[in-house]
Amino acid sequence: MLRGLRYLWALPVTLIGVLVALVSRGSGGTLQRVEGVLEVAGGWPAWVLRRGFPFSGAVAALTLGHVVVGVSLNALTATRAHERAHVRQFERWGVLLLVLYPLAGLLAWVRGGNPYRDNFFEREARAVESAARLS
């Protein structure tokens, strides 16, 4: 039951991710389900990820609820531990993460850090990624 509540809490953002997945599939991308998460590789969204975003630049993958969008299947495999940390963040914070994440970046910047690298949510995901590499 708790797992169902986590999916429900993240559902509004997951639905955005599903729309991105449909765009990806319609533009030549691939979809796969791994450990309860829809992973999307390639297509037009991959082009957007390669072009990058303000503050972060190009990224290999991006998480939207229970959907992870990556530039390729290899990128999804390489970033899986990091992106699963973001999935858990969406399970914890739900749609609020769409506001909290940029606020955390702004706070990092105000403190003299990098809005992406020093963002609390990214630091947490990198810590999970590092721990996964050690095990």
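No value in this document is a laboratory result; all are computed from the given coordinates. Because the structure is a prediction, the values reported are computed rather than measured. All Cβ positions, even for glycine, are placed from backbone atoms using ideal geometry, and neighbour counts span all protein chains on display.
Computed values, structure above
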quantity: Over the chain: helical MRE at 222 nm, DSSP H runs n ≥ 4 each giving -39500 (n - 2.57), nearest 500; calculated: -20000 deg cm²/dmol
quantity: Bins of 5 Å, starting at 0 and running to the largest distance - Cα pair percent for the chain; calculated: 2, 11, 19, 23, 22, 15, 6, 2, 0
quantity: Estimated FRET transfer efficiency (L73, L107; beta-carbon r; R0 35 Å; 0.05); calculated: 0.50
quantity: Kyte-Doolittle mean at least -0.5 and Cα axial length at least 18 Å: DSSP H helices in the chain; calculated: 2-26, 97-110, 120-134
quantity: Cα-based Rg / Dmax (Å) for segment 12-78; calculated: 10.7, 31
quantity: Inter-label distance, nm, simple model (7 Å from Cα along the C-beta direction), R50/M1; calculated: 4.8
quantity: Segment 60-135: translational diffusion in µm²/s, Stokes-Einstein, Kirkwood Rh over Cα pairs, 20 °C, 1.002 mPa s; calculated: 168
